[in-house]
Each structure stands twice: as C-alpha cells, then as structure tokens.
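Notes follow once the structure below has been shown.
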C-alpha cells in the first residue's frame, strides 16, 4: 500500500487544474525574467583573451564562429585534473543536440575550461561530444568571470562567486562526498574547489565584444536537463546525496 495520497480521477483533475494555474503563473514570471535578463546593460570587453581550440589559437571574438551571440559554459576541468567534473559532464551531455539548433539561430554554444586542450579533447572523445570546447589554460578568462580562484585567494578566503565575496578560507576538512568527487577527477578537494561552474553570454556587434549575462550555482539548474525531467517525475529529485555519474560509469560499481 502506497504512503502517498491517492484519490479519484475527479479529485486528481481538480488538483491538477489548480496546479496548472500555478504553472502558468510561473511561466509568466519566467518570461518576465527573460525580458529583464535581456534588458541588462552590455559591458564592453576590452581585454584580449587567448584560447586554444581545435582550430588553433583564438580570441574571444573568434569563439563566436561568425555568429553574433556566444553562450559560454564554464566547465569545471582544472589544469592538472585527469577528468572533467561529473556534474558539469551531466549538464554537457545535452549540449550536442542544443548546439546544432543554436548554431542555426545565430548563437554559438562553447564550453571553456582551464585544462590544456589535449586533455579536453581526450575527455571529449571519451564522452562522445562534438560541441566546441576551448582551453583557457594560459588566460585570465576564468578568473575574470569568477569561475576560478588562485590557491592564495582560496587560503585567504578572498574569493568571489555568484556575485558574493567569501570571507571564509577553504575548509581544512572537506566533506567525504567532495573528496570522492575530486578523486574521480584525479585531484584533491582543495584543487577541485578552485574551479567553479557557471555560464556567461556575450554579443558581438561592429567588431566589439560585450558581456551580457552570467549565472552560477543554482542558476545553472535550468541547463541541467535531467533535473527538468526529474522535477516532473512522480518522486521528483528523490535525492539522498550525489547519485549521478559520468554517463560511461553507470553499472561499474
């Protein structure tokens, strides 16, 4: 016997119609937020950033690949890691399909990480991904957009993330799940937390690149496709800790 509430079809329909009104209101709020997001002032990017790509060295403008809009996913893959973050990997599993549609709508989707290009390309082959991925290994790009911190900043607790400045130094006793995730990337917890997830958007007009938007932390939830499905599953996210893995690691114990 289930412990969940049960009822008649008529009771279900009445509850579903009430929920539908709440869902419609959320959709209207989401539309309004999208308009507010698009109304943000653009900030001119005057600094020259250099990236390594499969096509050679590139500037930020080059990452647009001839289009006027660029969506950058700040993929957690530190310089000395052996594999990318499993959470970022779960998000990126959806990029191949999206990137094709976006490319045909004047938008380039590109991942950027601090790991050397050869390591990114090897991991990309392992995951079966084809979306553009650039290395910011020798660039300030990740630091300037608040998705990377130095070891000194981390020790001093002078980091900034999600538009908030931290006043607390790195935890000397990281949690067991954090240690485990870091180990799956071939690194330690302190190194793992020096790279952070996020996404930033840019626009190119008359040869000038502008920064339009960035989001971090739970702001990335809507990009994580599996959670959008789980939020509509009968038991929801139904989580008791970190359960997801890289897609080629399920069933390996």
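Read the figures in this text as sums done on the coordinates, not as results from a lab. What you are looking at is a predicted structure, and each value in this text was computed from that prediction instead of being measured. Note: ideal-geometry Cβ built from the backbone for every residue, glycine included; neighbour counts use all protein chains shown.
Please work out which one of (1) loosely packed, with under 15 Cβ neighbours inside 10 Å; (2) touching a helix residue (DSSP H, G or I) at 6+ places or on another chain (Cβ under 9 Å); (3) closer than 28 Å to residue 65 by Cβ is the condition residue 237 fails and give its number.
Exception for residue 237: condition (3).
One line per residue, one yes/no per condition, for (1) over 23 Å from residue 50 (Cα atoms); (2) surrounded by 14 or more Cβ atoms within 10 Å (Cβ to Cβ):
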residue: 106; (1), (2): no, no
residue: 110; (1), (2): no, yes
residue: 116; (1), (2): no, yes
residue: 142; (1), (2): no, yes
residue: 148; (1), (2): no, yes
residue: 154; (1), (2): yes, yes
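So which of 35, 55, 16, 28 ends up being without any contact (Cβ under 8 Å) to a residue 24 or more places away in the chain and in contact with a helix residue (DSSP H, G or I) (Cβ under 9 Å, 6 or more places away or on another chain)?
It is 55.
Hey, can you tell me all the residues within segment 20-54 that are closer than 24 Å to residue 143 by Cα and in a loop (DSSP other than H, G, I, E, B)?
Selection gives 40, 41, 42, 45, 46, 47, 48, 49, 54.
If a residue has to be touching a helix residue (DSSP H, G or I) at 6+ places or on another chain (Cβ under 6 Å) and more than 15 Å from residue 223 (Cβ to Cβ) to count, how many in segment 58-77 make the cut?
1
Going by the conditions given, is residue 11 surrounded by fewer than 10 Cβ atoms within 10 Å (Cβ to Cβ) and more than 21 Å from the chain's Cα centre (by Cα)?
So residue 11 fails the test.
Residue 209 versus (1) farther than 29 Å from residue 125 by Cβ; (2) in contact with a helix residue (DSSP H, G or I) (Cβ under 6 Å, 6 or more places away or on another chain); (3) in contact (Cβ under 8 Å) with a residue 24 or more places away in the chain: which is the lone unmet condition?
(2)
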